[in-house]
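Trainee: What follows is a single structure, and I will ask about it in a moment.
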Amino acid sequence: MKRGFFIIFEGGEGAGKSIQVEILVSHLHEEGYSVVVTREPGGTRIGEQIRAITHNQENVDLDAVAEAYLMAAARAQHVAQLIEPAIEAGKIVVCDRYVDSSIAYQGFGRKLGVDTIRSLNALAVNGAVPDLTVLLDVPPEVGLKRRAKSRKGVDRLDMQQKDFYTRVYQGYLALAKEHPNRYVVIDASQAIEAVAQDVWRSVKHALLIANESTNV
Ligand code: TMP
């Protein structure tokens, strides 16, 4: 059976990932693809239990290294139980955040360093590299304002200092620059429909190229 396709959405707070994941998945369903939608931290029963720890507002004393390991632990479960089996079965996996979130938030935001986070995650991802990473690019000031206006509850990770989000943002831009082949950067300060169109155009293009290379 043909291997599936692995798509990740990344971005800072208030980038609009949830709605864009939803719109993309409906387009993919319309085109007849079999899709698995998931998120990090979470996506599995155990991963969602870990998410309850990392997002709990009371855990203000959660150590940065412990946080990095919790994210990687949730990811290991996610890759083994859901992501790899779905890709092996030929499905398209659409995931809201993945290892680059750890690089941006723990590596850049918490200043643990890119190499530390990469090596800490190597075992967790077990070689599962995304085929396409969609970065919804919105400056932190705009994203945080949007997030404050939304009805989503505040969690522990919404309560950081402003320079933390600036480092996360710069981290994402650095990652996109480092991996131009798998990254597409979309201006997410546009209207939802315009962002969705850009996302769809990029995904269709990536799927076309993937199909052409497997048909050779
Ligand atoms: P979200 O589901 O609303 O995007 O929230 C997830 C939060 O968790 C967000 O603030 C980013 C953070 N996060 C990390 O810090 N490291 C990670 O590896 C992942 C997956 C998420």
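Trainee: Which one of Asp187, Asp198 is in contact (Cβ under 8 Å) with a residue 24 or more places away in the chain and farther than 24 Å from Ile53 by Cβ?
Mentor: Criteria check complete, one pass: Asp187.
Trainee: Are any of the residues in the stretch 12-23 more than 10 Å from the ligand (Cβ to nearest atom), closer than 22 Å to Pro140 by Cα, in contact (Cβ under 8 Å) with a residue 12 or more places away in the chain and not in a helix (DSSP H, G or I)?
Mentor: Taking every residue of the stretch 12-23 in turn, at least one turns out to be more than 10 Å from the ligand (Cβ to nearest atom), closer than 22 Å to Pro140 by Cα, in contact (Cβ under 8 Å) with a residue 12 or more places away in the chain and not in a helix (DSSP H, G or I).
Trainee: Shifting gears a bit: Within the stretch 59-175, which helices (runs of 4 or more DSSP H) (wholly inside it) include 1 or more residues that are at pLDDT 95 or above?
Mentor: 64-78, 84-88, 99-102, 114-125
Trainee: Follow-up. Could you tell me which residue of the stretch 2-32 is surrounded by the most Cβ atoms within 10 Å (Cβ to Cβ), considering only residues that are within 15 Å of Leu207 (Cα to Cα) and in contact with a strand residue (DSSP E or B) (Cβ under 6 Å, 6 or more places away or on another chain)?
Mentor: Ranking the candidates gives Ile7 first.
Trainee: Among the residues of the stretch 49-58, write down those that are more than 11 Å from the ligand (Cβ to nearest atom) and either under 20 Å from Ile19 (Cβ atoms) or not in a loop (DSSP other than H, G, I, E, B) (or both). Break it down stepwise before answering.
Mentor: If we filter the stretch 49-58 for residues that are more than 11 Å from the ligand (Cβ to nearest atom), which is where we start, we get 49, 52-53, 56-58.
Hits for the stretch 49-58 are Gln49, Ala52, Ile53.
Trainee: Next question. Have a look at Asp155, Asp96, Asp100, Asp115 and point out the one that is over 26 Å from Val35 (Cβ atoms) and open to solvent by less than 30 Å² (accessible area, probe 1.4 Å).
Mentor: Of the residues listed, the single one that is over 26 Å from Val35 (Cβ atoms) and open to solvent by less than 30 Å² (accessible area, probe 1.4 Å) is Asp155.
Trainee: Testing Tyr69 on (1) farther than 21 Å from Asp163 by Cβ; (2) within 12 Å of the ligand (Cβ to nearest atom); (3) open to solvent by less than 10 Å² (accessible area, probe 1.4 Å), one condition comes back false. Which one is that?
Mentor: Here Tyr69 clears every test but (3).
Trainee: Can you confirm whether the stretch 36-49 contains a residue that is touching a Leu at 6+ places or on another chain (Cβ under 6 Å) and hydrophobic (A, V, I, L, M, F, W, C)?
Mentor: no
Trainee: In the stretch 24-48, what residues are assigned to a loop (DSSP other than H, G, I, E, B) and not β-branched (Val, Ile, Thr)?
Mentor: Step one: filter the stretch 24-48 for residues assigned to a loop (DSSP other than H, G, I, E, B), giving 31-34, 40-44.
Glu31, Gly32, Tyr33, Ser34, Glu40, Pro41, Gly42, Gly43 - these are the residues of the stretch 24-48 that are assigned to a loop (DSSP other than H, G, I, E, B) and not β-branched (Val, Ile, Thr).
The values are calculated or read from the model by the stated rules, or taken from the named source; none is laboratory data. Note that the structure is predicted; figures quoted are calculated from it, not measured. Reconstructed Cβ throughout: ideal geometry from the backbone, glycine too, with neighbour counts over all protein chains shown. Each accessible area value is taken on the protein alone, full model and side chains, heavy atoms only, with ligands, DNA and RNA left out. Shrake-Rupley method; radii C 1.70, N 1.55, O 1.52, S 1.80 Å.
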